[in-house]
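Before any comments, here is the structure.
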């Protein structure tokens, strides 16, 4: 795995997933990513499930950073296929009902990720544990707020 930071879009697996989603958007992909980690809690599935949970939060109107302020462009092996976070957020927000349906699963996944001792150890060894946990906590709070808000509707 190529990782260059603790944020959800700072590793090859998550970026690959997000790029695929940007060009062939489907909530089924998001759901599968969440279900895969929920079932296995395997280190190999965590990066994609973290990114999938961010998509759910974005679909609920709570993206990692306001879409107008953030554009992550990562060059793929095919330079004509950049990954544009704004495009993914825009797509996710077109079907709030799908995001609402997946929000409890996304929250369960986000709660399970930090419990993985192997991952915690890797981030601690890299001196990035606080940043990694902070990003997950931020996502957890955004998802929980979205779920609470949707219950009022």
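With each label point set 7 Å from Cα along the Cα-Cβ vector, what nm distance links residue 144 and residue 43?
Here the modelled spin labels are 2.8 nm apart.
To the nearest 0.05, what FRET efficiency results for residue 111 and residue 28 with a Förster distance of 22 Å applied to their C-beta separation?
The formula returns an efficiency of 0.45 here.
Just from its helices, what would the mean residue ellipticity at 222 nm be for the chain, if runs of 4 or more DSSP H residues each count -39500 (n - 2.57) and the sum is divided by every residue, rounded to the nearest 500 deg cm²/dmol?
It comes out at -21500 deg cm²/dmol, rounded to the nearest 500.
Quickly work out the residue 65-to-residue 122 label distance, labels modelled 7 Å from Cα along the C-beta direction, and quote it in nm with one decimal.
2.4 nm
Would you mind giving the three semi-axes, in whole Å and largest first, of the ellipsoid equivalent to the range 12-152 according to its Cα gyration tensor?
Its equivalent ellipsoid spans semi-axes of 21, 20, 14 Å.
Taking 0.36 nm per intervening residue step and subtracting the Cα-Cα distance, what contour gain separates residue 35 from residue 95 on full extension? Spell out each step's value before the answer.
Working: separation 60, 0.36 × 60 = 21.60 nm, distance 1.93 nm.
Net length gain for the segment: 19.7 nm.
In percent, what relative contact order does the chain have, based on Cα pairs under 8 Å that are 6 or more apart in sequence?
27 percent
Bear in mind that the values in this text are calculations on the coordinates, not laboratory data. Just so it is clear, the model here is predicted, and its values are computed rather than measured. Positions of Cβ are backbone-derived with ideal geometry, glycine not excepted, and every protein chain shown enters the neighbour counts.
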